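Written out below as structure tokens is the structure these notes cover.
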Amino acid sequence: QVQLVESGGGLVQPGGSLRLSCATSGSIFSIYNMAWYRQIPGKQRELVAAITNGGTTNYADSVKGRFTISRDNAKNTVYLQMDSLKPENTAVYYCNAKKPIPILGGRLWADYWGQGTQVTVSS
């Protein structure tokens, strides 16, 4: 079982910054692929940013150049630095871990989720 605990959400003015953190249990964090998702009431959860166990990143088009995902394997933590925030970035942000499960001939990926942290961008 993998436990994820997010922190760092809150209220910020447009143009401001926040850094989200996600602390992960377990001693094999370095092999997980990690991601941040967000969800607005009534809408589907959507991918914001992801980072592989090798450090490759990808971002939703709407956040490219403003958000940065990073990981610290020594601290079992993934971060999301959010700059130049806009009101439309308001959402609950969820941390996601994908743990590889070896199977005969390949692997499966098991998904784990944090409880979410609210980010509100408003003046």
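The values are calculated or read from the model by the stated rules, or taken from the named source; none is laboratory data. Remember, predicted model here, so these are calculated numbers, not experimental data. Neighbour counts are summed over all protein chains in view; Cβ atoms, including those assigned to glycine, are modelled from backbone coordinates with ideal geometry. Please note that ligands, DNA and RNA were not included when accessible areas were found on the heavy atoms of the full protein model with its side chains. Shrake-Rupley method; radii C 1.70, N 1.55, O 1.52, S 1.80 Å.
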Residues of the chain: accessible area per residue with a 1.4 Å probe, Å²: 53
Enclosed volume per residue, in Å³, of the convex hull spanned by Cα atoms of the stretch 52-106: 126
Cα-centre dipole for the chain with unit charges at Cβ (Lys and Arg positive, Asp and Glu negative), debye to 20: 120
Local electrostatic count at Tyr94 - Lys and Arg +1, Asp and Glu -1, tallied over other residues with Cβ under 12 Å: -1
Max mean-square fluctuation residue, GNM over the chain, Cα-Cα springs under 10 Å, options Gly65, Gly105, Gly26: Gly105
Average Cα contact separation per residue, the stretch 60-118, under 8 Å, 6 or more apart, as relative contact order %: 25
Difference of contour (0.36 nm per residue) and Cα-Cα distance, Asn58 to Thr90: 9.5 nm
Cα gyration tensor of the chain - equivalent ellipsoid semi-axes, whole Å, descending: 26, 14, 13
Of Ile69, Ile31, Ile103, the one that fluctuates the most in a GNM where the chain has Cα springs shorter than 10 Å: Ile103
Spatially near lysine pairs across the chain, Cα under 24 Å, sequence gap of 8 or more or different chains: 7
Positive minus negative residues near Leu108 (Lys, Arg vs Asp, Glu; Cβ under 13 Å): +2
Per DSSP, loop trypsin sites (Lys or Arg not before Pro) in the stretch 22-71 with at most 13 further Cβ within 10 Å: Lys43, Lys64
Solvent-accessible area of Asp72 with every protein chain in place, 1.4 Å probe, in Å² to the nearest 10: 40
